[in-house]
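Chemist: Take a look at this one; I'll ask things after.
The values are calculated or read from the model by the stated rules, or taken from the named source; none is laboratory data. Nothing here was measured: the structure is a model prediction, and the numbers come from that model. Methodologically, a virtual Cβ is constructed for each residue, glycine included, from the backbone with ideal geometry; neighbour enumeration extends over all protein chains shown. Protein only, heavy atoms only, side chains kept; ligands, DNA and RNA dropped before computing areas. Shrake-Rupley method; radii C 1.70, N 1.55, O 1.52, S 1.80 Å.
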Amino acid sequence: MIKTLASRIWKFFKSFQLTIVLLACLMALVVLCTLAQVEMGTQGAVNAYMRSFFVKRQVSFLPFPLPVFPGGGLVGLLLTLNLIAKTLDIQRSWTKAGMWLVHAGLVILFAGEFVAGMMQVDTNMSIEVGQTVNYVQSYKNMELAVIDITDPTWDEVYSVPDTLLAKGGSIAIPDTPLTLNVKRYYPNSELSNLPPGAPPSLATAGIGPGVSVVERPTVTNDNELNTGSVFVEPVAGGRSYGVWLASMALGAPQSFTHEGHTYLLTMRLRRQYLPYAFTLKQFRHDVYPGTDIPKNFSSLVQVVNPSRNESREVLIYMNQPLRYEGKTFYQASFGKNDTLSVLSVVENPGWLLPYVSCVLVSLGLLVHFAIVLRRSLKRRQDKKEG
């Protein structure tokens, strides 16, 4: 019974019919994902359709979304299993070496996409000419930064991600006596001056008491950014320092002091600090003569890494990124009358796998062609001798 069931499962996974169905699902997902980008933005659509195991839809009479179509994660996993099963079904002989190499390359290609989907991190670095920056920041995700600026030579930065703020409750700040009580969090909001006669604000300290906060629907388009806001109450040593409003719409951070330590509170895009720094020495925006059509963007940056005792200049330009410390820095955009350079930063542990895949597939095709050619020439020679 078990042997028969295993045989049926094996037959199912290596069937060509399964391959056709999965490829059809993949084509449908590409079309649906492309159409969904209008409302959800590129990243939102990719996450919903291509990097999920199921495409889900919210039904009015249910408190949870229902899976309505297999997602790219599930289709990719089944395609990989199908390909592995087909590979293992190939005859184990030197005459099939080329096909083995081709199938192995395709398996590695699927594995690379899986690693990219699950582990790739996309951030950016905005840097002005003459400025030194030692961090990258998220495109969409936000954080509440608690910064201890007591030491004039060094800032201690503590980050509370927006996902944690959304849960509410009390959040202890590690290595400090501070605890933040989250009163209310807005993923997207609009701020204005508190009109006369309006209900009082939740805030009791800082700029918040004079500000009205209205919740807005979250945005997903690539060129739009949510304005996250949060009301928090810092507590330390049994003492409350009032309720503060921190928001992406507020330009300057606010501060309070506890036992000689001064802390800043600010809402911003989530940052990842680096053990090295970039200084933008020069930015160039070249156009084709007589037009405004961009020809090339380039950033001359000085990379300073104390841990390596390294200081060198690197030119980053279109189609010529900098790969450094596990991150790839691409020239992406610019601003402020060509004094601001925006670098797209990608961290992908599996970035090498597609190249390995292409080499294996190419080598496999060459080997297969050589074997077929040799067999054909041998048959022709045998006919002449006969």
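Chemist: Can you tell which of Leu274, Leu250 is touching a residue at least 40 places away in the same chain (Cβ under 8 Å), surrounded by 17 or more Cβ atoms within 10 Å (Cβ to Cβ) and part of a strand (DSSP E or B)?
Modeler: Values: Leu250 fails: part of a strand (DSSP E or B).
None of the other options fit; the residue is Leu274.
Chemist: Pull out all pairs, ordered by first then second residue, where Cβ-Cβ is under 8 Å, the residues are six or more apart or on different chains, the first lies in segment 153-165 and is among the charged types (D, E, K, R), and the second is part of a strand (DSSP E or B) and open to solvent by less than 40 Å² (accessible area, probe 1.4 Å).
Modeler: Here the result reads Asp155/Ile147; Asp155/Asp148; Glu156/Ile147; Glu156/Asp148; Asp162/Met142; Asp162/Glu143; Asp162/Leu144; Asp162/Tyr185, each pair linking segment 153-165 to a residue that is part of a strand (DSSP E or B) and open to solvent by less than 40 Å² (accessible area, probe 1.4 Å).
Chemist: Please state which of the following conditions Thr257 fails to meet, knowing it meets all the rest: (1) assigned to a strand (DSSP E or B); (2) surrounded by 16 or more Cβ atoms within 10 Å (Cβ to Cβ).
Modeler: (2)
Chemist: Test Arg8 against the stated conditions and say whether it is part of a helix (DSSP H, G or I), outside the structural domain of Thr218 (by TED's automatic domain parsing) and open to solvent by 90 Å² or more (accessible area, probe 1.4 Å).
Modeler: On the way: part of a helix (DSSP H, G or I): yes; outside the structural domain of Thr218 (by TED's automatic domain parsing): yes; open to solvent by 90 Å² or more (accessible area, probe 1.4 Å): yes.
Criteria met by Arg8.
Chemist: Next up: Within segment 212-226, identify whether any single residue is open to solvent by less than 70 Å² (accessible area, probe 1.4 Å), modelled with pLDDT of 95 or more, in contact with a Gly (Cβ under 8 Å, 6 or more places away or on another chain) and not assigned by TED's automatic domain parsing to the domain that holds Glu310, and answer yes or no.
Modeler: Within segment 212-226 (the criterion being open to solvent by less than 70 Å² (accessible area, probe 1.4 Å), modelled with pLDDT of 95 or more, in contact with a Gly (Cβ under 8 Å, 6 or more places away or on another chain) and not assigned by TED's automatic domain parsing to the domain that holds Glu310), the answer is no, since none of the residues qualifies.
Chemist: Tell me, yes or no, whether segment 73-85 has at least one residue that is in the same structural domain as Arg374 (by TED's automatic domain parsing), open to solvent by less than 30 Å² (accessible area, probe 1.4 Å), in contact with a Ser or Thr (Cβ under 6 Å, 6 or more places away or on another chain) and without any contact (Cβ under 8 Å) to a residue 60 or more places away in the chain.
Modeler: Yes, that holds for at least one residue.
Chemist: Please determine, by comparing only the residues of segment 11-32 that are within 30 Å of Ser138 (Cβ to Cβ) and free of Cβ contacts under 8 Å to residues at least 24 places away in the same chain, which one is surrounded by the fewest Cβ atoms within 10 Å (Cβ to Cβ).
Modeler: Of all residues in segment 11-32, those within 30 Å of Ser138 (Cβ to Cβ) come to 26, 29-32.
Now drop any that are not free of Cβ contacts under 8 Å to residues at least 24 places away in the same chain, which leaves 30-31.
Working: Val30: 13, Val31: 10.
This residue is Val31.
Chemist: When residues of segment 321-339 are filtered for being over 20 Å from the mean Cα position of the chain (by Cα), open to solvent by 80 Å² or more (accessible area, probe 1.4 Å) and under 19 Å from Val303 (Cα atoms), how many remain?
Modeler: At the first step, the residues of segment 321-339 found to be over 20 Å from the mean Cα position of the chain (by Cα) are 334-339.
Next, from what is left, pick out any that are open to solvent by 80 Å² or more (accessible area, probe 1.4 Å): 336-337.
Remaining after also requiring under 19 Å from Val303 (Cα atoms): none.
Of the residues in segment 321-339, 0 are over 20 Å from the mean Cα position of the chain (by Cα), open to solvent by 80 Å² or more (accessible area, probe 1.4 Å) and under 19 Å from Val303 (Cα atoms).
Chemist: Separate question: If you check Gln282 against the conditions, is it at pLDDT 95 or above and more than 21 Å from the chain's Cα centre (by Cα)?
Modeler: Numbers: at pLDDT 95 or above: no; more than 21 Å from the chain's Cα centre (by Cα): yes.
Criteria not met by Gln282.
Chemist: Further question on the same structure: Could you go through segment 49-67 and let me know if any residue there is within 23 Å of Gly112 (Cα to Cα), open to solvent by 30 Å² or more (accessible area, probe 1.4 Å) and assigned to a helix (DSSP H, G or I).
Modeler: In the first step, residues of segment 49-67 are kept if they are within 23 Å of Gly112 (Cα to Cα); the result is 49-55.
So of that shortlist, the ones also open to solvent by 30 Å² or more (accessible area, probe 1.4 Å) come out as 50-51, 53-54.
Next, from what is left, pick out any that are assigned to a helix (DSSP H, G or I): 50.
For segment 49-67, residues within 23 Å of Gly112 (Cα to Cα), open to solvent by 30 Å² or more (accessible area, probe 1.4 Å) and assigned to a helix (DSSP H, G or I): present.
Chemist: Starting from residues that are within 30 Å of Gln282 (Cα to Cα) and of a type in the set (S, T, N, Q), keep the ones in segment 343-373 and report whichever is farthest from the chain's Cα centre (by Cα).
Modeler: Ser344
Chemist: Report whether or not Asp89 is acidic (Asp, Glu), open to solvent by less than 70 Å² (accessible area, probe 1.4 Å) and at negative phi. Full working, then the answer.
Modeler: Working: acidic (Asp, Glu): yes; open to solvent by less than 70 Å² (accessible area, probe 1.4 Å): no; at negative phi: yes.
No: the conditions fail for Asp89.
Chemist: Quick one: which strands (runs of 3 or more DSSP E) lie wholly within segment 124-241 and hold at least 3 residues that are aliphatic (A, V, I, L, M)?
Modeler: Values: elements: 132-148, 156-161, 169-172, 178-186, 189-193, 211-215, 229-236.
Hits in segment 124-241: 132-148, 178-186, 211-215, 229-236.
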